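Data block below; observations after.
The values are calculated or read from the model by the stated rules, or taken from the named source; none is laboratory data. Since we're looking at a predicted model, the values are computed, not measured. Ideal geometry is used to build each Cβ from the backbone, glycine not excepted, and the neighbour counts take in all protein chains shown.
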Amino acid sequence: MSSALAENKNSAESAFFSLHKTFLEKVKPHAELLPLNRSALGRFETLRFPDRKHEMFTFVNTKDLVTSSFSLQTENPVQSEFVRQHVYAGCEQSHLTLVDGILRPDLSDATALGTSVKIESLVEAAKSESVRNSLKISIEQENDVFASINSSFMKQGIGLRVFRNKQVGVPLQILHVSTGSGNGSVMTVPRVFVHLEPLAELKLITKYVGVKGNYFINAVQDFTVEDDAALTYTQVQADPDDAWHFSKNRILLKRNSRFFGCQASNGTRLVRHHSEARLSAPGGELELNGVSVLVEDEQAHNFIRIHHEADHCTSSQHFKNIINDRGRASFDGTVIVDKGAQLTNSGQLIDNLMLSDDGRADCKPNLMIFADDVKCAHGATVGQLDVNQLFYLKTRGLSELVAKKLLTRSFAESIIQKIPFPQVVKELNNTLLKKLEADHG
């Protein structure tokens with residue numbers, strides 16, 4: 001590392017420590033969370049900000065982010081009409097709104113959930129020894145410096161518990177609203193802890209939006225899915241294009257549990273999704289799908305690690321990116337099959353559609369297999385529209401422009417249609433795919 005880069009990196013870390021000191025003095029985090037804040041700060045001191053050679057950030061340049069001067073966001077007013085615009089049909093009485101990482105009961109309505117789900121502040125949830133220990137272990141073992149930053153400033157957030165043998169009939173939406181800033185950059189650190197007890201089922205939608213831009217949302221979500229439980233999860237990133245968006249989803253699957261996840265990324269100046277999943281007992285099933293549409297200078301990056309720790313588990317991943325103009329996408333995903341994880345079945349596929357010579361897609365699928373009775377495969381493609389398909393559509397009377405738009409939309413729709421929430425699919429058809437109809441250059 002050059003001396004100039006090292007100086008910038010050290011300066012950024014010093015600014016972070018100074019910001020954390022201000023956080024302790026002015027915010028005064030709750031006694032239940034303060035030991036976790038301090039433990040996370042120690043972990044940050046060990047991990048430090050990454051350079052370009054860091055294995056987690058091979059394709060992600062965080063220089064502009066870490067050298068920006070951030071202040072902690074103070075809660076700003078949000079109009080109820082803005083919230084209503086982003087609550088999906090069917091979730092009018094089953095949505096929770098977090099404004100700048102803080103739960104707003106006045107902008108939330110969870111009456112349709114009844115008594116099947118317990119919703120509480122993270123402070124209250126952390127009074128449970130099991131939750132507190134889970135948070136403590138995850139912080140001590142954290143491998144992502146930005147997730148450690150989230151824990152260092154953790155002061156609010158929510159805990160969700162779906163009780164044993166309860167199947168929640170309506171989808172629950174968590175809406176993250178960032179108020180942003182018209183002046184200097186601000187940072188928010190939303191934290192959500194989700195626990196499904198044995199035989200429980202939940203359908204969950206998380207959506208990220210912003211009133212203004214110029215913010216860094218650095219979110220962490222912890223999912224624990226107990227024996228024979230099932231979580232269906234969709235994550236929609238729809239922040240303004242001048243925001244930074246980092247999120248980490250930590251998934252723990254127990255015996256015969258299931259996690260079906262889809263994510264849709266609109267892209268910003270820098271989006272990074274980190275998924276870390278552990279299939280810790282036999283019979284676990286994990287599916288992760290993702291789609292992004294990137295134009296102009298938007299970026300969206302995925303970093304995924306799936307740990308098969310037990311036998312008879314399955315995992316699959318399918319991600320698609322459409323890249324126009326100077327957009328950038330990357331996928332860095334590794335499936336690790338431990339020695340005792342026999343009869344593992346795992347698949348991984350990444351497809352990139354390039355609409356511009358100036359765009360970039362980086363792919364790094366990887367398998368690390370230490371068991372001998374497994375079925376694992378991976379693959380990646382980077383290419384342009386199929387000329388044969390284009391020719392066929394033109395022979396059917398379509399203009400070249402219409403044919404290209406049709407093929408491009410169908411490429412993304414194959415992932416979007418997997419989302420099991422029709423209201424989300426409808427929105428993405430009207431927002432994410434609308435980006436493909438505009439001319440860029």
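Just to be sure before I move on: is S346 among the polar types (S, T, N, Q), at pLDDT 95 or above and under 16 Å from S265 (Cβ atoms) in the structure I sent?
Numbers: among the polar types (S, T, N, Q): yes; at pLDDT 95 or above: yes; under 16 Å from S265 (Cβ atoms): no.
So S346 fails the test.
Of everything in segment 177-205 that's farther than 21 Å from A238 by Cα and among the charged types (D, E, K, R), which residue is surrounded by the fewest Cβ atoms within 10 Å (Cβ to Cβ)?
This residue is E197.
What pairs come out if I take residues in segment 162-182 that are more than 18 Å from S108 (Cα to Cα) and modelled with pLDDT under 95 and pair them with residues that are of a type in the set (A, V, I, L, M) and crowded, with 16+ Cβ neighbours inside 10 Å whose C-beta lies under 6 Å away, six or more apart or interchain?
G180/V211
Can you tell me which of (1) under 27 Å from the mean Cα position of the chain (by Cα); (2) assigned to a strand (DSSP E or B); (3) over 26 Å from N61 (Cβ atoms) is the one A329 doesn't meet?
For A329, the failing item is (3).
Working only within segment 241-256, note down all residues that are farther than 19 Å from I205 by Cα and not hydrophobic (A, V, I, L, M, F, W, C).
Residues satisfying the conditions are D241, D242, K254, R255, N256.
Looking at segment 29-37, is at least one residue more than 30 Å from T234 (Cβ to Cβ), surrounded by 13 or more Cβ atoms within 10 Å (Cβ to Cβ), more than 25 Å from the chain's Cα centre (by Cα) and of a type in the set (G, A, S)?
Residues of segment 29-37 that are more than 30 Å from T234 (Cβ to Cβ), as a first pass: 29-32, 34-35, 37.
Narrowing the set further to residues that are surrounded by 13 or more Cβ atoms within 10 Å (Cβ to Cβ) leaves 29-30, 32, 34-35, 37.
Applying the additional criterion that residues be more than 25 Å from the chain's Cα centre (by Cα) yields 29-30, 32, 34-35.
Add one more test, that the residue is of a type in the set (G, A, S), and what stays is none.
No, segment 29-37 contains no residue that is more than 30 Å from T234 (Cβ to Cβ), surrounded by 13 or more Cβ atoms within 10 Å (Cβ to Cβ), more than 25 Å from the chain's Cα centre (by Cα) and of a type in the set (G, A, S).
Can you name every residue in segment 337-347 that is surrounded by fewer than 22 Cβ atoms within 10 Å (Cβ to Cβ) and assigned to a strand (DSSP E or B)?
Restricting attention to segment 337-347, the residues satisfying the condition of being surrounded by fewer than 22 Cβ atoms within 10 Å (Cβ to Cβ) are 338-340, 342-343, 345, 347.
Once the filter is applied, which keeps residues that are surrounded by fewer than 22 Cβ atoms within 10 Å (Cβ to Cβ) and assigned to a strand (DSSP E or B), segment 337-347 yields N345, G347.
May I ask you to verify whether Q79 is under 24 Å from the mean Cα position of the chain (by Cα) and of a type in the set (S, T, N, Q)? Explain how you work it out, then say what you get.
On the way: under 24 Å from the mean Cα position of the chain (by Cα): no; of a type in the set (S, T, N, Q): yes.
Against the criterion (under 24 Å from the mean Cα position of the chain (by Cα) and of a type in the set (S, T, N, Q)), Q79 does not qualify.
Can you pull out the helices (runs of 4 or more DSSP H) entirely within segment 69-154 that have at least 3 residues that are among the charged types (D, E, K, R)?
Details: elements: 80-86, 122-125, 129-140, 145-152.
The helices (runs of 4 or more DSSP H) meeting that bar are 129-140.
A281: surrounded by fewer than 24 Cβ atoms within 10 Å (Cβ to Cβ) and among the hydrophobic types (A, V, I, L, M, F, W, C), yes or no?
Criteria met by A281.
So which of S94, S11, S80 is in contact (Cβ under 8 Å) with a residue 24 or more places away in the chain, surrounded by fewer than 15 Cβ atoms within 10 Å (Cβ to Cβ), within 30 Å of L202 (Cα to Cα) and among the hydroxyl-bearing types (S, T, Y)?
Working: S94 fails: surrounded by fewer than 15 Cβ atoms within 10 Å (Cβ to Cβ); S11 fails: within 30 Å of L202 (Cα to Cα).
Checking each option against the conditions leaves just S80.
I'd like to check something: does segment 291-308 contain any residue that is hydroxyl-bearing (S, T, Y), more than 21 Å from I336 (Cβ to Cβ) and in contact with a His (Cβ under 7 Å, 6 or more places away or on another chain)?
no
Looking only at residues that are outside any helix (DSSP H, G or I) and of a type in the set (S, T, N, Q) in segment 383-419, which one is modelled with the highest pLDDT?
Here is the first cut: in segment 383-419, the residues outside any helix (DSSP H, G or I) are 383-386, 396-399, 417-419.
Subsequent filtering for residues that are of a type in the set (S, T, N, Q) retains 384, 399, 417.
Details: Q384: 80, S399: 72, Q417: 94.
Only one residue tops the list, namely Q417.
Given the conditions (1) in contact with a Leu (Cβ under 8 Å, 6 or more places away or on another chain); (2) in a strand (DSSP E or B), which single one is not true for I350?
Failing condition for I350: (1).
Evaluate the following for E75: is it modelled with pLDDT of 95 or more, more than 18 Å from Q237 (Cβ to Cβ) and either surrounded by fewer than 18 Cβ atoms within 10 Å (Cβ to Cβ) or not acidic (D, E) (or both)?
On the way: modelled with pLDDT of 95 or more: no; more than 18 Å from Q237 (Cβ to Cβ): yes; either surrounded by fewer than 18 Cβ atoms within 10 Å (Cβ to Cβ) or not acidic (D, E) (or both): yes.
So E75 does not fit the description; no.
Quick one: which strands (runs of 3 or more DSSP E) lie wholly within segment 189-255 and hold at least 1 residues that are under 11 Å from the mean Cα position of the chain (by Cα)?
On the way: elements: 191-196, 201-210, 215-225, 230-237, 244-253.
Fully inside segment 189-255 and qualifying: 201-210, 215-225, 230-237, 244-253.
So how many residues does segment 398-436 have that are of a type in the set (G, A, S) and surrounded by 20 or more Cβ atoms within 10 Å (Cβ to Cβ)?
Taking segment 398-436 and keeping what is of a type in the set (G, A, S), we get 399, 403, 410, 412, 414.
Adding the requirement that they be surrounded by 20 or more Cβ atoms within 10 Å (Cβ to Cβ) leaves 403, 412.
Summing the residues that are of a type in the set (G, A, S) and surrounded by 20 or more Cβ atoms within 10 Å (Cβ to Cβ) in segment 398-436 gives 2.
With the structure loaded, tell me whether V295 is surrounded by 24 or more Cβ atoms within 10 Å (Cβ to Cβ), of a type outside the set (G, A, S), in contact (Cβ under 8 Å) with a residue 12 or more places away in the chain and within 27 Å of L175 (Cα to Cα) or whether it fails that test. Before the answer, list the steps.
Working: surrounded by 24 or more Cβ atoms within 10 Å (Cβ to Cβ): no; of a type outside the set (G, A, S): yes; in contact (Cβ under 8 Å) with a residue 12 or more places away in the chain: yes; within 27 Å of L175 (Cα to Cα): yes.
When the stated conditions are applied, V295 does not pass them.
In this structure, is F70 in contact with a Leu (Cβ under 9 Å, 6 or more places away or on another chain), surrounded by 14 or more Cβ atoms within 10 Å (Cβ to Cβ) and closer than 30 Å to G333 by Cβ?
Details: in contact with a Leu (Cβ under 9 Å, 6 or more places away or on another chain): yes; surrounded by 14 or more Cβ atoms within 10 Å (Cβ to Cβ): yes; closer than 30 Å to G333 by Cβ: yes.
So F70 passes the test.
Filter segment 380-397 down to the residues that are loosely packed, with under 15 Cβ neighbours inside 10 Å and touching a strand residue (DSSP E or B) at 6+ places or on another chain (Cβ under 8 Å) and list them by number.
Restricting attention to segment 380-397, the residues satisfying the condition of being loosely packed, with under 15 Cβ neighbours inside 10 Å are 381, 383-384, 386-389, 391-392, 394-397.
Selection gives T381, G383, Q384.
Of the residues F23, F59, F49, which single one is over 26 Å from N302 (Cβ atoms) and buried (at least 17 other Cβ atoms within 10 Å of the Cβ)?
Values: F59 fails: over 26 Å from N302 (Cβ atoms); F49 fails: over 26 Å from N302 (Cβ atoms).
Going through F23, F59, F49 in turn, the sole match is F23.
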